[in-house]
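To keep things clear, I will list the structure first and then write my remarks on it.
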Amino acid sequence: MAGAECKLVGQWLQIWLEAGREGQVFTYGNPAALPVQIGDLVQVRLQGRRHSGLVVDRLEELPAALEGKQLQPVEQVLQPAAVDPQWHTLIARVAEQCHTSRFKTLKSALPPGWLGQRRQGGPGTARIQAVRLGRTPAADERLTARQRQLLDHLAGAPASVPLRRLCGPAGFSRAVLLGLEQRGLVERLTLEAGDLHAAMAGALDPPQPLTVPQGQALEAITAAAPGQAFLLWGVTGSGKTEVYLQAAAHCLGQGRSTLLLTPEIGLIPQLLDRCRRRFGAAVVEYHSGLGEAERIAAWRRCLGGDPLVAVGTRSAVFLPLPHPGLIVLDEEHDGSYKQESPMPCYHAREVARLRAEQTGAWLVLGSATPALETWLACQGQTGGTTRLLSLSERIGGRPLPPVRLVDMRQELAEGHRRLLSRPLLDRLQGVRERGEQAVVLVPRRGYRTFLSCRSCGEAVLCPHCDVALTVHRSAGGQEWLRCHWCDHRTAVEARCGHCGSTAFKPFGAGTQRVMEQLAAELEGLRVLRFDRDTTRGRDGHRRLLARFAAGEADVLVGTQMLAKGMDLPQVTLAAVLAADGLLHRPDLRSAEQCLQLLLQLAGRAGRGERPGEVLVQTYCPEHPVIRHLVDGRYDRFLEDEIALRRSGGLVPFSRACLLRFSGTSPGSTATAAASVAEQLRPALERNGWCLIGPAPAPVARVAGRSRWQLLLHGPAGGPLPLPSEAELRRSLPSGVGLAIDPDPLSL
Ligand code: ADP
Ligand code: ZN
Ligand code: ZN
C-alpha cells in the first residue's frame, strides 16, 4: 500500500507487536477504513510474517520520519474492542506515574499470551479437569482414612471440584483419588472453564447476620458517594471479609462488579472458596498460579460484561472489570502489592485508587496494620479523603492474645545459652500436652546463616553475588552451601578462599537448625517446616498448611510467610525466636514492617476456642517496636512514626525515586550510572531535588551482574524532574539495564 493512499483515509494506527522480548510499536495504515478502535487486536504483517498486534493509539498526523514511506495496512480485526477506552486511560495514567511507556505497562497489564491468540477456539476455551462424587459407598465398604476424608470433602463441596484444587490446597494425593475412581466412588470429568463455574454453583451460603460494628461499616460503604475510599481497620478475625462480601453482594444486586485482591497467592484458595459459596458462578479468579489459557478465559469473562466478583493477586488490579462497583485490597499494607520488576514498578493500591476514581467504584483497603501512607490519607493531612472505619473486636469477643517477652540477656546471664529459651520450651511442652499447636517464626531458612573462617574471620561468599552462602543440610545430615540470591550450590569448601585455613565456624540459626534443636530438647515433638524450600511448586503453601491443620505436627517452624492470613484454630502459641534479626534492618520502613509482621504473627494465635499467647525472644526488649507490640496499640506506633518521618522530612513527607542499573561489566555499569547522574544533576537541582549516589546497591553483585543505584530525593507531591525512560535508555551503553522505581518500597 502506498503511503499516499493511506493519507487519503487519514488514519494511522500505532500497533504494538510482541516482536522480540520488549515488544515494539509500529505504525500501520488503514486504507480499507476498517472500523478499528484503540484496544482492538488486529492482524498485520511484519517482514512478510503475520502477527497479531494491539492498537494502542491513533495518529492524526504521520510522523515526519515516516513521510513518503510505504506503510503496511491493517489486514483484519481479530478481536474487536478488546478493552474499553477508559481502561486505556488507566494504562496511560499508570505509565505516566511509573515513569515508563504505555507499551511496557500494557504488557504488564494484559494476560500473558493475549497477543498471540487466534480469533476462534484457542485459549478462550480452557478445559479443566474436575471431580465429583460417584456411587454411594456400601455401609461396610473398606476405605482408608484419607479416602473417607476425600469423600467427605466432596460431599461438603459444590457439585464438582477442580482436580488441581483437590490435589493442591486440600492436599489429597493422586493415589487416594485414583483408588476411589477405580471403584466408581468418584468420577472425573472435563469441563469448559465456563461450565465449571456453573457446575460448582451448588447451594449458596446465606450472608451472616452482621455485628453492630460490621453493620455500621457496611452501611457507611454502601451509602457513600461514588469513588469514595475507605480504610477498614480491624484485627484479624474481626469480620472484615464478611463486610467485603456483603458490600460485593450489594453491588451485584445493582449489576456492578467487585474486585477482591489479596497479596499472597497462598491466600487465594481460602478466599475463593468463601466467594464461590456465596456468589457461585459469578466468581472469577485471576493470578499467576493460573495457566495462560485460564487467565485469558478470565479476561474474556470480564469483557463479556456480566457483573462479577473477581478474586486475584496484584496483577488482577488491571482486569477489565465490567461496571466496577467495589475494589477491595485485603491486607493492604502488604509489600507484595508493589511490583519491583519488571517496570512498571506500580503499587496495586495506587492503581486501584485511580481505577476507583475513574469508575466511581468504592475502594476499601482492609488491614489490622494499615500502611503509614493509608493512615495518613485518613487524617486529611496530605489532602487525602480516605475514611476510617474500624472493627475493634474479634467476632465472638475472643480476646487478642497477650504478648510476653523473653529477655535473652537474662537467659544468658543465668547460664542458659541456647537458641530456645526456657519459657519457650515450657510452653511448647504445655501446648503438646494439651493437644494444641504452635507456630515458631525464624527469620532465615536453611541450617546456618553463614560460615566464617576461624583464622582470618572472612565469611564464605557466593562466587557470583556479594552475599554470604547459607549452610543447608540434606536429609542424611550432609551439609552444603547455597546462595539465596542466585541459587548457586556448592560443597562446604575444604579451605578458606582468603587464608587457606581449614577451620570454619557457623553462625546464625535457620529453620533447619531450629527444627533440630526442638527435636533434641523436646523428645517426640512433631515439627513441620514452612519456608520457601518446603513449599515449592503450585499450591505448595496450601498443601503444607493442610497437613499441619490436619494435625500432622505439633509445631510449625517457618519464615515470614507464616504470619500471613492463615486461619489455624488449633494454634494457641505464636513464638518469635530472634526478633532482633527483624528489628535492625537499615531501611526507612523497617520499624513499620517489623511491627506489621509481628502483629500479624500474633494474630495467628488463639483464633479457635482456646485462648492464645505470643512469646517473643529478644535481646532488645526496650526497642520501640517491641514496646508497641506489647501494648498492642498499632495506632500509637503510627502516630510516633508519622511524627518522626515528618520531622525528618522523610517519605511520605518527601518523595524518593530510585534508578537501578545493572550489567555484566562492573566498570561500564558504574560509569553509566555516573554519567546518568551528571546528565540529571542540573534539572534536579533546579527543581529542589537532591541526588544520592551513584552507589553500589546494598547487594552490589547478584548472579554475576553488578548493580548500582541512584537515589533521587525531592519535595512530596511534585513531578519527577526526569527525562523520559526512553531518553534515559538512549544514553546507556548496550549491556547496561535500567529500572526506574518512582516510589520504592525499600529505601
Ligand atoms: P477477618 O477478615 O477480619 O479476618 P472474617 O470475616 O474472616 O474476619 O471473620 C472471622 C470469622 O468470624 C470467620 O470464621 C467468619 O465466618 C466469622 N464471622 C464473620 N462475621 C460474622 C458474623 N457477623 N457473625 C458470625 N460469625 C462471623
Ligand atoms: Zn580464612
Ligand atoms: Zn549467588
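Where a number appears in this text, it was derived from the coordinates with a stated rule and is not lab data. What you see is a predicted model; the values in this text were computed from it and never measured. We place every Cβ from the backbone using ideal geometry, glycine too, and count neighbours over all the protein chains shown.
From a point 7 Å beyond the Cα of Ser731 in the direction of its Cβ, which residues of the range 695-710 have a backbone N at a distance under 20 Å? Under cut-off, by backbone N: 695-697, 707-710. Rounded to the nearest 20 debye, the dipole size of the chain about its Cα centre is 1460 debye, using +1 on the Cβ of Lys and Arg and -1 on the Cβ of Asp and Glu. Look at the dipole of the chain built from charges on Cβ: of Ala503, Ser336, Leu303, the Cα furthest out on the positive end belongs to Ala503. Dipole check for the range 212-397: with +1 at the C-beta of Lys and Arg, -1 at the C-beta of Asp and Glu, and the Cα centre as origin, the magnitude is about 340 Debye. Take each peptide in 395-408, 248-261, count the other Cβ atoms within 10 Å of every residue, and average; sorted highest first, the result is 248-261, 395-408. The magnitude of the dipole of the range 443-536, with charges of +1 and -1 set on the Cβ of Lys/Arg and Asp/Glu and taken from the Cα centre, is near 100 debye. With θ taken as phi - 60° and the Karplus curve 6.51 cos²θ - 1.76 cosθ + 1.60 applied, the whole-hertz 3J(HN,Hα) list for the range 464-476 is 9, 9, 8, 9, 6, 7, 9, 8, 10, 10, 7, 4, x Hz, x standing for glycine and proline.
When the chain is fully extended, how far beyond the present Cα-Cα distance does Thr664 get from Arg536, taking 0.36 nm per residue of separation?
Contour length minus the Cα-Cα distance gives 43.1 nm.
Report the FRET efficiency, 1/(1 + (r/R0)^6), for Arg610 and Ala224, where r is their Cβ-Cβ distance and R0 is 35 Å, rounded to 0.05.
For R0 = 35 Å, the calculated efficiency reads 0.35.
Its Kirkwood hydrodynamic radius, worked out from the mean inverse distance over all distinct Cα pairs, puts the chain at 28.7 Å.
Within the chain, what percent of beta bridges assigned by DSSP are antiparallel, to the nearest 5?
60
Between Leu747 and Arg50, the distance separating the two model label sites (each 7 Å from Cα on the Cα→Cβ line) works out to 5.2 nm.
Among Phe26, Phe279, the order by Cβ neighbours within 10 angstrom, fewest to most, reads Phe26, Phe279. When the helices of the chain are scored as -39500 (n - 2.57) per DSSP H run of n ≥ 4 and the total is divided over every residue, the value at 222 nm lands at -9500 deg cm²/dmol. If you plug the beta carbon distance of Ser173 and Asp57 into 1/(1 + (r/R0)^6) with R0 = 51 Å, you get a FRET efficiency near 0.50. The fewest-to-most ranking of Arg146, Arg418 by surrounding Cβ atoms within 10 Å reads Arg418, Arg146. Among rounded, prolate and oblate, which fits the range 212-397 when a ≥ b ≥ c are the square roots of the eigenvalues of its C-alpha gyration tensor, a/c under 1.5 means rounded, and a/b larger than b/c means prolate? Rounded, because the longest to shortest axis ratio a/c is under 1.5. Put in order of Cβ neighbour count within 10 Å, fewest first, the listed residues Lys564, Lys104 become Lys104, Lys564. Label-to-label distance, Arg686 versus Ala138, with points set 7 angstrom from Cα along the beta-carbon direction: 9.0 nm. Cross-link partners for Lys104 among the lysines, with Cα-Cα distance under 20 Å and sequence neighbours closer than 8 places in the same chain left out: Lys338. Segment Arg489..Ala33, full-extension length gain: 158.2 nm, with 0.36 nm per residue of separation and the alpha-carbon distance subtracted.
The slack between Ala459 and Ala145, meaning 0.36 nm per residue of separation minus the straight C-alpha distance, is 108.0 nm.
Rank-order 665-678, 423-436 by packing density, defined as the average count of other C-beta atoms within 10 Å over each peptide's residues, highest first. Could the numbers behind the result be given before it?
Details: 665-678: 17.6, 423-436: 15.8.
Put in order of decreasing packing, that is 665-678, 423-436.
Annotation for the range 523-567 versus the range 719-747: alpha-carbon center distance of 40 Å. Within the range 11-113, the GluC sites (Glu not before Pro) that combine a DSSP coil assignment with at most 13 other C-beta atoms in a 10 angstrom radius are Glu22, Glu60, Glu61, Glu67.
Most tightly packed first, judged by the mean number of other beta-carbon atoms within 10 Å of their residues, the peptides 495-505, 476-486 read 476-486, 495-505. Residue by residue, the range 216-221 carries 3J(HN,Hα) couplings of 5, 5, 4, 4, 4, 5 Hz when phi is fed to the Karplus relation 6.51 cos²θ - 1.76 cosθ + 1.60 (θ = phi - 60°); x denotes Gly or Pro.
Considering only Ser390, Ala519, Ile265, whose Cα is most displaced toward the positive end of the charge dipole of the chain, charges sitting on Cβ of Lys, Arg (+1) and Asp, Glu (-1)? So the residue we want is Ala519.
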